[in-house]
Amino acid sequence: QVQLVESGGGLVQAGGSLRLSCAASGSRFSINVMGWYQQTPGKQRELVARITSGGSTHYADSVKGRFTISRDNAKNTVYLQMNSLKFEDTAVYYCHVLSNYRDYWGKGTLVTVSS
């Protein structure tokens, strides 16, 4: 069973920056994909960015050029650097991990961007 611990959410003014972290532990298998999703009330959880173990990345169009995802494979940790934050980035951000064909989710961390 993989446990995910997220950190780094909070309140920031528009135009500011935040860095989210997610550390995975307990995996007996390689962690293939790590990523971040966002969810706002009444909406489905949506992909923000993901990164493979080899370093390939994918971003939602809405965050391209502003957010950067990275990972430390030795620490099984994924990061999301969020710059030029906008009010519409306000959401709960969930860490996601794919390991041995199974999906694991963190509990979520709230990011609030004030306009």
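The values are calculated or read from the model by the stated rules, or taken from the named source; none is laboratory data. Computed from a predicted structure; not experimentally measured. We place every Cβ from the backbone using ideal geometry, glycine too, and count neighbours over all the protein chains shown. Quick note on the areas: whole protein, heavy atoms, side chains included, nothing else; ligands and nucleic acids left out. Shrake-Rupley method; radii C 1.70, N 1.55, O 1.52, S 1.80 Å.
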| query | How large is the accessible surface per residue of the chain, computed with a 1.4 Å probe and reported in Å² as a whole number? | reply | 56 Å²
| query | If the cut-off is a Cα-Cα distance under 17 Å, which aspartates and glutamates reach K75, setting aside same-chain residues fewer than 8 apart in sequence? | reply | E6
| query | Once Rh for region 1-66 is found with the Kirkwood sum over Cα pairs, what is the Stokes-Einstein diffusion coefficient at 20 °C and 1.002 mPa s, in µm²/s? | reply | 154 µm²/s
| Stretched out fully, how many nm does the piece from Q39 to S114 gain, at 0.36 nm a residue minus the Cα gap? | 25.3 nm
| remark: For the chain, the Cα convex hull volume per residue in Å³ comes to 93 Å³
| task | Just tell me which lysines come within less than 19 Å, Cα to Cα, of K43; anything on the same chain fewer than 8 places away is out. | result | K86, K107
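Between L11 and D103, what's the calculated FRET efficiency when r is the beta-carbon distance and R0 is 30 Å? Round to 0.05.
0.55
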| Considering the chain as a Gaussian network with a 10 Å cut-off on Cα pairs, which listed residue, L20, L80, L98, attains the greatest mean-square fluctuation? | L98
| query | Leaving out ligands, DNA and RNA, what percent of the accessible area of the chain is carbon and sulfur, probe 1.4 Å? | reply | 47 percent
| task | Report ³J(HN,Hα) in whole Hz for each residue of region 67-77, in order, from the Karplus equation J = 6.51 cos²θ - 1.76 cosθ + 1.60 where θ = phi - 60°; Gly and Pro get x. | result | 10, 9, 9, 8, 8, 10, 5, 5, 9, 6, 10
| remark: For region 10-115 the chymotrypsin sites (Phe, Trp or Tyr not before Pro) that pass both the DSSP coil test and the at-most-11 other-Cβ-within-10 Å test are F29, Y101
